[in-house]
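See below for the structure under consideration.
The values are calculated or read from the model by the stated rules, or taken from the named source; none is laboratory data. Only a predicted model underlies this, so the values are computations on that prediction, with no experimental measurement involved. Positions of Cβ are backbone-derived with ideal geometry, glycine not excepted, and every protein chain shown enters the neighbour counts. Calculation scope for accessible area: heavy atoms of the full protein, side chains included, ligands and nucleic acids excluded. Shrake-Rupley method; radii C 1.70, N 1.55, O 1.52, S 1.80 Å.
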Amino acid sequence: GLAEDVPGSIFDTAVFQEEDRLRSVYDMTAGRENPYMLHQELGDWMTRYCTVIREEAKLEKTDEKIGELMERWKDVALPDTGEWVNQSVVFTRQLWDMLELARVMVRGAIARKESRGVHLRPDYPERDDANWLKTTIAEWTPDGPRLSYEPVDVSLIPPRPRQYKKDIR
């Protein structure tokens, strides 16, 4: 597995794909959406519904909102169309990545039917090591994230519930 053992065509294809992706963002001039406003909406929804307390109905609505924002992203009009040091192109391109990551976070939270650490599900208030002592892995597909899981190695430090003092003075 060294990079020098991989055919150069693999790298050339990746470079072409990334350049094509960048060019498609530069071409976003005829739309109606402002990428900075889409970003603000995404942040508002994620802050409101996908922080520590995660209620399934609100997560589902957030997933729908992310789908809407993804569609609206396709209708962005770049605030700056210059070719040199164009921060709006960089931001707009990264905004798509933020939308994908937000969808992974929300769908992972919906799937995880337990409370653990800073993932608090009021509908599943207990930690469930039998079913959820595992790491979530997300692979992006054209249909959205595909979730899979791998076990957590607990051989060196066995898991135990956190205990918080109710009255600290």
| How many residues are open to solvent by 90 Å² or more (accessible area, probe 1.4 Å) and either of a type in the set (Ser, Thr, Tyr) or not in a loop (DSSP other than H, G, I, E, B) (or both) if we restrict to the stretch 23-35? | 1
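Within the stretch 49-59, can you find the residues that are in a helix (DSSP H, G or I) and touching a helix residue (DSSP H, G or I) at 6+ places or on another chain (Cβ under 8 Å)?
Taking the stretch 49-59 and keeping what is in a helix (DSSP H, G or I), we get 49, 56-59.
Scanning the stretch 49-59 gives Tyr49, Glu56, Lys58, Leu59.
How many residues are farther than 15 Å from Arg32 by Cβ and of a type outside the set (Asp, Glu) when one looks only at the stretch 50-80?
Narrowing the stretch 50-80 to residues farther than 15 Å from Arg32 by Cβ: 50-67, 70, 80.
Cutting the leftovers down to of a type outside the set (Asp, Glu) gives us 50-54, 57-59, 61-62, 65-67, 70.
Going through the stretch 50-80 one residue at a time, the tally reaches 14.
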| task | List every residue pair whose Cβ atoms lie under 8 Å apart, where the two residues are 6 or more positions apart in sequence or sit on different chains, the first residue falls within the stretch 26-45 and is in contact (Cβ under 8 Å) with a residue 60 or more places away in the chain, and the second residue, located anywhere, is part of a loop (DSSP other than H, G, I, E, B) and open to solvent by 40 Å² or more (accessible area, probe 1.4 Å). | result | Tyr26/Thr81; Tyr26/Glu83; Pro35/Pro79
| task | List every residue pair whose Cβ atoms lie under 8 Å apart, where the two residues are 6 or more positions apart in sequence or sit on different chains, the first residue falls within the stretch 91-109 and is farther than 13 Å from Pro35 by Cα, and the second residue, located anywhere, is polar (S, T, N, Q) and open to solvent by 10 Å² or more (accessible area, probe 1.4 Å). | result | Gly108/Thr136
| Quick one: what pairs do we get from the stretch 116-130, first residue farther than 19 Å from Gln163 by Cβ, second assigned to a strand (DSSP E or B), C-beta under 8 Å, 6+ apart or different chains? | Pro122/Ile53
| note | Within the stretch 123-159, of all residues that are under 30 Å from Glu71 (Cβ atoms) and among the β-branched types (Val, Ile, Thr), the one least open to solvent (accessible area, probe 1.4 Å) is Thr141
